[in-house]
Amino acid sequence: MMAFISRLKQNRALLLLMVALVVAITAMTSVDFFVDRVDRQLKRQGTALMAADLVIQNGAEFDQSWSDKAIELGLKVSRQVSFPSVLFHNDKPQLVQVKAVDAEYPLRGDFRADSIDGGSFTRGPQTRQAFVDAILKSKFFIPGREQEVSIPLGNLQLDLRGIVQEEPDRGGNLFQLAPRLMISYDDLHDSGLLGPASRARYRFLVAGEMAAVESFRNWAVSQLPVGARIIDVKNARPELRTALDRGHRFLSLATLCASLLAGIAILLATRRYVNLAIDAAAIMRTIGMTSRQVMNRHIIEILQVLVFGTLIGIFLGYIGQNVLSSLVGNWFGDSLPQPGFRPVLIGLFYGAVLLPGFSLPVLLRIRKVSPLRVLRRDIDPPDASSLFVWGLAVLSFAVLVLWQVQDYKLAVALMLALLSVMLVSVGIGRLFILLLNLHAIKVPVLDWGWQRCRVMLH
Amino acid sequence: MGIDLHVNSAEAVALLGASGSGKSTLLGLLAGLDDPTSGTAFLLQQNLSDISEEQRSRLRLGRVGFVFQSFQLIPGMTALENVILPLQLAGVDKATEQARQLLEDVGLGRRMTHLPRQLSGGEQQRVAIARAFAGEPEVLFADEPTGNLDAETGEQIIQLLFDLRDRCNTALLMVTHDDQLAKRCDRIYRLQGGRLSETAQEQS
């Protein structure tokens, strides 16, 4: 480690190469860390919004096999059913959305109802009790006699005990305008409201370890009745999910463009590094090193740049995402959860693709250095083929783009756009050269800008 | 064709000639740095035409030293690292201690951690001499070793080079255009018009 730091101090080209890599990795991982945190927040919010990790919804009641399977997998289980109904109070009809929940509800998120005698509930109503929305409160309560309200529901008379304040899985369903009437699941059958053709929505809720939930989901897919559907965090809040996916793609593409510039910086820094290394390689060959030994020496040095540069980039990316989080993190509700390990792996992957992709062909020149260069400095190792240099760089970048956006059409569009910009830039450059030549200023042709260019003004 | 040269063990041979006469080219051929288009070169009893460039590198390792006009130190390495490198490559035990001693011997005990760009020309050539004698080579090739130095420093460098050569009993082939320097060698050859001829050494 100390030897490597010492090498960085002695060799500025090596330091420049490392800085270019660090910039690229920092740019990419800061976005990935931030998106990972937001993603975790959305998952957390998603499960709270469903009151469970996974919900199966059906038009008929779930049989006992569903509970048996979930319990076998170590999951917590809750059942609920909701349906519209009409209450009559003082001979006036009132449309309500009845929701019957069991004692386990909710499995995720917080439920809260204010008790009419001053306390509060964190679980649903018990048998023969009912909770209602605040909007119904004025209709049922008579000032001074709040303790004596009874609500008729089918065959039952329910005691009104609470006002619902927080209900995690209520959601923002546009068609659910009726106020809530919450009852116990155990009262459902006694109410006599539901028959074979009732428009009831039965929900089977599970929560527990991620692997167990996934196993249950696989089992549920094979058992799913016709018309039933599975609701999970991915489709719990589709509008936020879509926004996050698009935001991630946009930020990733923006940072990929920054990475492209860093990649070109890597290529130029590698050229400088190699130009210095060529002289040293000739001396090493003269004093007895084989070309393989010389190459290995430089590969080890570049690997050290890769490892340390990537790790430093990941660390700075982590710092950078904290800045992003402090700027826009509150858009997503509570404080964002800490990121996972995935962005670290992504950073390692970027480094492993970006550095070799942009530096390897140039680096391989070192292997072809002749020891005779110590006597004749004009003997240069052959330049790496432009096709190889740029082909590998473009290929590496394309891999990163495709992997990042997960959409080959978008990846191809971006690559074509970048290529167009590059060709237009080269075209404008050549036009300038043409104009300069017309004015008797001799400028050599630039070989499409790939090769080193020397502008000689006479 | 016009060139027939044999350097014996522990012998010092000077190669004189005008600029562009091919002295350095001949040195490169004899050291196995270049391939002859015709003829044969032997180094340490090995026909260089029979072995690959990689094998020639291994043949030179620890047995052949070089001193160049432009010093040819590795720019990113300190003086000490430059001297350690051939010793480490040759698998010498206590390479660092030996390298330190060599640098002490050439008077650079206090400049070991300096990079070549931080050293004067004379100091760089001292490091190059220390590196050349690391491992006590059997043959030393010197290409205009004083070419980039002032007269006084050049004299010191030559004295150092010959002292170490005597101590290590190393054969020396030195390319130079300096007649006075050539006279310090056992034999003098002159390269002119593509022909090599031995010049009689004056008896001092």
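Coordinate-derived values only; no laboratory data. Computed from a prediction, not measured in an experiment: that's the story for all the values here. So basically every Cβ, Gly included, is an ideal-geometry build from the backbone, and we count neighbours across all protein chains shown.
As I understand it, the value is the acute angle between the Cα axis of helix A:210-223 and the longest principal axis of the Cα atoms of chain A; what does it come to in degrees, rounded to 10?
So the inclination is approximately 70 degrees.
For chain B, place one equal point scatterer on every Cα, skip the solvent, and apply the Debye formula. What is log10 of I(q)/I(0) at q = 0.10 Å⁻¹?
-0.41
Separation of region B:78-153 and region B:1-30 by C-alpha centroid, Å?
If you average the Cα positions of each part, the centres end up 24 Å apart.
Among the aspartates and glutamates, which have Cα under 20 Å from the Cα of B:K94 when same-chain residues fewer than 8 positions away are ignored?
Output for B:K94: B:E81, B:E104, B:D105, B:E136.
Relative to the present Cα-Cα distance, how much length would full extension add between A:S191 and A:Q157 at 0.36 nm per residue of separation?
11.3 nm
Angle, helix A:12-50 long axis vs. longest principal axis of chain A, Cα atoms, 0 to 90°, nearest 10?
Helix A:12-50 and the main axis of chain A meet at about 10 degrees.
Among A:P106, A:L75, A:A197, whose Cα lies farthest out toward the positive end of the dipole of region A:54-231, if unit charges sit on the beta carbon of Lys, Arg (+1) and Asp, Glu (-1)?
Result: A:A197.
With unit charges on the beta carbons (Lys and Arg positive, Asp and Glu negative) and the dipole taken about the Cα centre of the protein assembly as shown, which residue among A:N322, A:F131, B:S38 sits farthest to the positive side?
Checked the options; the winner is A:F131.
Relative contact order for chain A: what percent, with Cα pairs under 8 Å and sequence separation of 6 or more?
Here the relative contact order equals 24 percent.
Find out how many positive minus negative residues lie around A:V213, taking Lys and Arg as positive, Asp and Glu as negative, among other residues whose Cβ is under 14 Å from that of A:V213.
Here the charged neighbours net out to +1.
In percent, how large is the relative contact order of region B:59-130, given Cα pairs closer than 8 Å and 6 or more residues apart?
The value is 44 percent.
Among A:M18, A:A398, A:A413, which residue has its Cα positioned farthest towards the positive end of the charge dipole of the protein assembly as shown, with +1 placed on the Cβ of Lys and Arg, -1 on the Cβ of Asp and Glu, and the dipole taken about the Cα centre?
Sorting the options by dipole projection puts first A:A413.
Quick one: work out Rg over Rh on the C-alpha atoms of chain A, Rh as Kirkwood radius.
Expressed as Rg/Rh, it is 1.21.
What order do you get for A:K69, A:K409 when you list them from fewest to most C-beta neighbours inside 10 Å?
Ordered by Cβ neighbours within 10 Å, fewest first: A:K409, A:K69.
Which number gives the lysine pairs in chain A that have C-alpha atoms under 18 Å apart and are eight or more places apart or on different chains?
The number of close lysine pairs in chain A is 4.
Subtract the Cα-Cα distance of A:A211 and A:K92 from 0.36 nm times their separation in residues, and report this length gain in nm to one decimal.
Here the segment from A:A211 to A:K92 would lengthen by 37.8 nm.
Give the order of A:V22, B:V7 when sorted by the count of other beta carbons within 10 angstrom, beginning with the fewest.
With the fewest neighbours first, A:V22, B:V7 line up as B:V7, A:V22.
Filter the chymotrypsin sites (Phe, Trp or Tyr not before Pro) in region A:151-231 to those in DSSP coil with at most 12 other Cβ atoms within 10 Å of their Cβ, and list the result.
For chymotrypsin sites (Phe, Trp or Tyr not before Pro) across region A:151-231 that sit outside H, G, I, E and B with at most 12 neighbouring Cβ atoms in 10 Å, the list reads A:F175.
Under unit Cβ charges (Lys, Arg +1; Asp, Glu -1), what dipole magnitude, rounded to 20 debye, does region A:280-413 have relative to its Cα centre?
For region A:280-413, the charge dipole is close to 700 debye.
As I understand it, the value is the acute angle between the Cα axis of helix B:79-89 and the longest principal axis of the Cα atoms of chain B; what does it come to in degrees, rounded to 10?
The angle comes out near 70 degrees.
Can you tell me the dipole magnitude for region A:54-231 around its Cα centre, using point charges on the Cβ only (Lys, Arg +1; Asp, Glu -1), in Debye to the nearest 20?
480 debye
Scaled to the compact-protein estimate 2.2 N^0.38 Å, what is the alpha-carbon radius of gyration of region A:264-346, rounded to two decimal places?
It is 1.74.
Under the definition of partner shielding as Cβ atoms of other protein chains within 10 Å of a residue Cβ, what is the mean value for peptide A:290-301?
Neighbouring Cβ atoms belonging to other protein chains average 2 per residue here.
Take the alpha carbon atoms of region A:1-65, find their center, do the same for region A:198-218, and report the distance between the two centers in whole angstrom.
Between the Cα centre of region A:1-65 and that of region A:198-218, the gap is 28 Å.
Nearest 20 debye, what's the magnitude of the dipole of chain A about its Cα centre given +1 on Lys and Arg Cβ and -1 on Asp and Glu Cβ?
It works out to roughly 2800 debye.
State, as an integer percentage, the relative contact order of region A:54-231 based on alpha-carbon contacts under 8 Å between residues 6 or more apart.
38 percent
Ordered by packing density, taken as the mean number of other Cβ atoms within 10 Å over each peptide's residues, highest first, how do A:361-372, A:342-353 rank?
A:361-372, A:342-353
Sorted from fewest to most neighbouring beta carbons within 10 Å, what does the list B:S57, A:S335 look like?
Fewest-to-most ranking of B:S57, A:S335: A:S335, B:S57.
Measuring from centroid to centroid over Cα atoms, what is the spacing of region B:154-192 and region A:404-421 in Å?
Taking the Cα centre of each part, region B:154-192 and region A:404-421 sit 66 Å apart.
For a quick size check, give me the Cα extents of region A:54-231 along its three principal axes, largest first, whole Å.
Computed over region A:54-231, the largest-to-smallest principal extents equal 53, 35, 30 Å.
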